[in-house]
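Peer 1: Take this structure first; my questions come after.
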Amino acid sequence: MQATAEAHPNIALVKYWGKRDVARNLPAVSSLSVTLDTLRTRMTVEFRAGDRDALSVNGQAAPGMLERVSRCLDSVAGKERSAARVTSDSNFPIGAGLASSASAFAALVVAANAASGAAHDRLALARLAGAASGSAARSLYGGLVELDAGDEQIDLVPLAAADDWPLMVVVAITDDNTKSVGSGDGMIRSARTSPFYSSWLAQQEDDLSAAREAVRNRDIGRLSEVAEHNCLKMHSVMWTSRPPIVYWNSATLACMEAIRGLRAEGHAVFFTIDAGPQVKAVCLPASVDAVSAALAETPGVLDILTTGVGCGARRIDQ
Ligand code: DP6
């Protein structure tokens, strides 16, 4: 009745921003992401006698997140399940725009599936993780993955395995505090108030097909162009929401400038930024040292994390 699973966060190169069904947490747009390897969340689920679930995150009780976790456990193991003790441990800052909810819910569904003996397959687990946090569905898979928003339910399409295209991701941490507006609330606000939201939805298919083709051809130049465009378009929707959602700080902008400078020197590298001020630089292995060095010396950068492409969520205790 106990199992431990590990999952990695993923970074979207074509972003998910907007929900078409808030109650079922279905995304309004399809997205495309890369799963990371060095960053990870380990999650242990133990079903036991008792009447209450308990959650500890990095060694501390986390009652604020318990309701979302309990609902996700119900979806995997059924509402008649026993109470669960859930222990989560991440080796990177959580709630700071580094996709910690993606790795957490991906690891949670795998651990709960094994501990309860529910026997859902990977796609079913991805859908359950996605119902808890949209981006978590993608972390069930490794490498480059497309999440198809679908009609009734989401679908996941692996585009390249972890070893197929050895991209590197250098994460520049510019602030490790918890973000001011959670992504879920931010998306709902953008859909209601941003005048750019409808064009965001209308153009997503074009960005996806360009990115899909760039992945198929292992064309980092083409991927750079569409990923930076898609990222800036998502942030334009955020900025033009009311009240505005601005996750960037001055170091975020300085990192973007540093990455453009590296590209001008001939490095194959591009940036992407999610619901937080951290900058993720995606590059080829030949450029990783230059990218890490340039970002490390950019004013306002507190720390650098370097990672390759990783595998999907899996059980690790057997
Ligand atoms: C900006 O998956 O955290 O990182 O479904 O409400 O939990 P919820 O949202 P979440 O949103 C991720 C938003 C993003 C872009 C992306 O990862 O595609």
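The values are calculated or read from the model by the stated rules, or taken from the named source; none is laboratory data. Here the structure is a predicted model, which is why all the values come from computation and not from measurement. Here the Cβ is made from the backbone with ideal geometry for all residues, glycine too, and neighbour counts use every protein chain on show. Protein only, heavy atoms only, side chains kept; ligands, DNA and RNA dropped before computing areas. Shrake-Rupley method; radii C 1.70, N 1.55, O 1.52, S 1.80 Å.
Peer 1: Filtering the range 70-103 down to residues that are among the β-branched types (Val, Ile, Thr) and open to solvent by 10 Å² or more (accessible area, probe 1.4 Å), which residue is nearest to Leu13 (Cα to Cα)?
Peer 2: Of everything passing the filter in the range 70-103, Ile94 is nearest to Leu13 (Cα to Cα).
Yes or no, residue by residue, for (1) open to solvent by 10 Å² or more (accessible area, probe 1.4 Å); (2) assigned to a strand (DSSP E or B); (3) aliphatic (A, V, I, L, M):
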residue: Ile245; (1), (2), (3): no, no, yes
residue: Met256; (1), (2), (3): no, no, yes
residue: Phe270; (1), (2), (3): no, yes, no
residue: Ala281; (1), (2), (3): no, yes, yes
residue: Val291; (1), (2), (3): no, no, yes
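Peer 1: Same structure, new question: Of the residues that sit in the range 1-28 and are β-branched (Val, Ile, Thr) and surrounded by fewer than 24 Cβ atoms within 10 Å (Cβ to Cβ), which one is nearest to Met238 (Cα to Cα)?
Peer 2: My answer is Val22.
Peer 1: A follow-up question, please. Can you list the strands (runs of 3 or more DSSP E) found entirely within the range 1-88 that contain at least 3 residues being away from the ligand (no atom under 15 Å from the Cβ) and at pLDDT 95 or above?
Peer 2: It comes to 2-7, 41-48, 54-57.
Peer 1: Exactly one condition in (1) open to solvent by less than 10 Å² (accessible area, probe 1.4 Å); (2) more than 30 Å from Ser287 (Cβ to Cβ); (3) within 15 Å of the ligand (Cβ to nearest atom) is false for Leu128; which is it?
Peer 2: Going through the list (1) open to solvent by less than 10 Å² (accessible area, probe 1.4 Å); (2) more than 30 Å from Ser287 (Cβ to Cβ); (3) within 15 Å of the ligand (Cβ to nearest atom), Leu128 breaks only (1).
Peer 1: Determine which single condition Leu232 fails, assuming it passes every other condition in (1) open to solvent by less than 20 Å² (accessible area, probe 1.4 Å); (2) within 13 Å of the ligand (Cβ to nearest atom); (3) among the aliphatic types (A, V, I, L, M).
Peer 2: If we test Leu232 against (1) open to solvent by less than 20 Å² (accessible area, probe 1.4 Å); (2) within 13 Å of the ligand (Cβ to nearest atom); (3) among the aliphatic types (A, V, I, L, M), just (1) comes out false.
Peer 1: Another question, if that's okay. I need every pair where a residue in the range 48-64 that is surrounded by 10 or more Cβ atoms within 10 Å (Cβ to Cβ) has its Cβ under 8 Å from the Cβ of a residue that is assigned to a loop (DSSP other than H, G, I, E, B), sequence separation at least 6 or different chains.
Peer 2: Cβ pairs passing all conditions: Arg48/Met1; Arg48/Ser82; Gly50/Ser82; Leu55/Ala62; Ser56/Ala62; Val57/Ile94; Asn58/Ile94.
Peer 1: Let me ask something else. Under 9 Å between Cβ atoms, which residue pairs at least 6 apart in sequence (or on different chains) link something in the range 118-139 that is of a type in the set (A, V, I, L, M) with a partner that is within 13 Å of the ligand (Cβ to nearest atom) and modelled with pLDDT under 95?
Peer 2: Ala132/Ser101; Ala136/Ala99; Ala136/Ser101
Peer 1: I'd like the residue in the range 89-116 that is within 14 Å of the ligand (Cβ to nearest atom) and in contact with a Cys (Cβ under 8 Å, 6 or more places away or on another chain) and, out of all such residues, is nearest to Thr307 (Cα to Cα).
Peer 2: Phe105
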